[in-house]
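Novice: Mind having a look at this structure? Questions to follow.
Where a number appears in this text, it was derived from the coordinates with a stated rule and is not lab data. Bear in mind that the values here come from a model prediction, so they are computed numbers and not experimental data. Because the Cβ atoms are built from the backbone with ideal geometry, glycine has one as well, and the counts that use them run over all protein chains shown.
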């Protein structure tokens with residue numbers, strides 16, 4: 001390019017509201033329109049989720065004093081909660097029964113007893129979806145939608161799906177082998 005073409009290009013960019021390119025050495029870093037703030041560079045990656053990661057509370061890490069304080073503050077009470085889908089299908093939403101195994105707010109590990117708060121930055125009544133059974137009744141949804149509901153990435157949902165399908169395949173294979181046992 002000759003000098004005349006370079007100056008014409010610079011004049012056109014000034015007319016369009018563009019500033020001179022900012023450079024670091026011989027590398028052009030950014031060209032931003034005048035008056036607009038320069039956006040942060042993400043390195044070509046997708047924007048990071050703004051939701052807080054799930055938080056796990058391990059029962060093993062709590063001291064005896066903390067466990068005792070929890071028992072005093074929240075004594076075990078026997079209260080009615082739905083046991084079957086038919087009992088809770090037509091109830092108000094969001095579902096108030098956080099202790100239900102189908103509730104999306106918390107997960108309790110069956111062996112270790114650890115409690116996982118899936119949405120530590122959201123209150124239960126602020127959730128759009130609270131019951132896994134309600135989501136299942138809607139029918140098929142995309143991996144992105146599942147990830148948003150479960151506070152997981154699309155890739156993690158895909159991994160869980162693959163592992164679950166492999167387990168179902170293994171059960172089917174074992175059932176076929178039982179036919180050969182006399």
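Novice: So, by mean Cβ neighbours within 10 angstrom, what's the order for 99-105, 140-146, 167-173 with the highest one leading? It would help to have the intermediate numbers written out before the result.
Specialist: Details: 99-105: 17.3, 140-146: 12.7, 167-173: 9.4.
Averaged packing, sorted descending, gives the order 99-105, 140-146, 167-173.
Novice: Pull out a ≥ b ≥ c, the square roots of the eigenvalues of the alpha-carbon gyration tensor of region 57-155, then state rounded if a/c is under 1.5, prolate if not and a/b is larger than b/c, and oblate in the remaining case.
Specialist: Since a/c reaches 1.5 but b/c is at least a/b, the shape of region 57-155 is classed as oblate.
Novice: Any idea what % of Cα-Cα pairs in region 127-182 are farther than 19 Å?
Specialist: For region 127-182, the share of Cα pairs beyond 19 Å comes to 47 percent.
Novice: Return a whole-number percent for the relative contact order of region 72-182, with Cα pairs under 8 Å and 6 or more residues apart as the contact set.
Specialist: Contact order relative to length: 17 percent.
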